[in-house]
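Heads up: the structure comes next, in structure tokens.
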Amino acid sequence: MSQIKNPELILITAGGRIKCRRCTAKSSRTEEQCKRPASKLSKTSKCSRHGGLSTGPKTKEGKDRIRSTHLKHGEETLEAKAERSAKSVMFKYLLDLGNHVGLFYTQLKTRGRPPSGYVRLNLTDPEELALAILKILPNK
Ligand SMILES: [Zn+2]
């Protein structure tokens, strides 16, 4: 869809009884102007098929309002995801420490990729061992 030169701005329908704005989008195949009426909400004079519908809230207040109306249980909010990820990182460090001191019968591994925020530490180095111990302590 691209802009047409000198588009017809007015569309007369219903046998001349209805006069409205015409969509100004151009067909890329036929190079003709769209024959549908433009959406009343459209600022660029486009129909609903060519991007004339609302594109959603832009301000922070509007986005927060939409977010609050769509919130059902809060299990997939950004805060809940960050908390889950932090717990996964803590568990991964706990597992590394358990493997390092020989707490388990075998070397235990977790499945899949490491959680974001996890950096593999060399636990034979005392500084990095202390860092790993600090990471498994709860923050609260
Ligand atoms: Zn159109």
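Please treat every number below as a calculation from the coordinates, not as lab data. On a predicted model such as this, the values are computed, not experimentally measured, just so you know. FYI the Cβ positions are ideal-geometry reconstructions off the backbone, even for glycines, and counts take in every protein chain you see.
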### Query
In degrees, nearest 10, range 0 to 90: what is the angle between the Cα axis of helix 78-101 and the longest Cα principal axis of the chain?
30 degrees
### Query
Quick one: how many lysine pairs in the range 1-70 have C-alpha atoms under 14 angstrom apart, if they're 8 or more apart or on different chains?
6
### Task
Compute the relative contact order of the range 1-116 as a whole-number percentage, counting only Cα pairs closer than 8 Å that sit 6 or more residues apart in sequence.
13 percent
### Query
Once both axes come from the Cα atoms, what is the angle between helix 126-136 and the longest principal axis of the chain, in degrees from 0 to 90, rounded to 10?
60 degrees
### Task
Using Cα pairs closer than 8 Å and at least 6 residues apart in sequence, work out the relative contact order for the range 78-136, in percent.
42 percent
#### Entry: Solvent-free Debye scattering, log10 I(q)/I(0), computed from the Cα coordinates of the range 2-50 at q = 0.17, 0.18, 0.19 Å⁻¹
-0.46, -0.51, -0.56
### Query
Mind ordering 61-73, 44-56, 10-22, 85-97 by average Cβ neighbours within 10 Å, highest first?
85-97, 44-56, 10-22, 61-73
### Query
Just from its helices, what would the mean residue ellipticity at 222 nm be for the chain, if runs of 4 or more DSSP H residues each count -39500 (n - 2.57) and the sum is divided by every residue, rounded to the nearest 500 deg cm²/dmol?
-11000 deg cm²/dmol
### Helix 60-70 vs. the chain, principal-axis angle (Cα, 0 to 90°, nearest 10)
80 degrees
### Query
Say the dipole of the chain comes from +1 at the beta carbon of Lys and Arg and -1 at that of Asp and Glu; which of Leu94, Leu53, Ala80 then lies farthest toward its positive end?
Leu53
### Summary
Counting only Cβ distances under 4.7 Å between cysteines, those in the chain with no partner are Cys20
### Query
About the Cα centre of the range 78-136, what is the dipole size in debye to 20, counting +1 per Lys and Arg Cβ and -1 per Asp and Glu Cβ, all else neutral?
400 debye
### Task
With a/c under 1.5 counting as rounded, go ahead and sort the chain into rounded, prolate or oblate using the C-alpha gyration tensor (a ≥ b ≥ c being the square roots of the eigenvalues; past the cut-off, prolate if a/b is larger than b/c, else oblate).
prolate
### Query
Cross-link partners among lysines for Lys135, C-alpha distance below 17 Å, same-chain residues fewer than 8 apart left out?
Lys87, Lys92
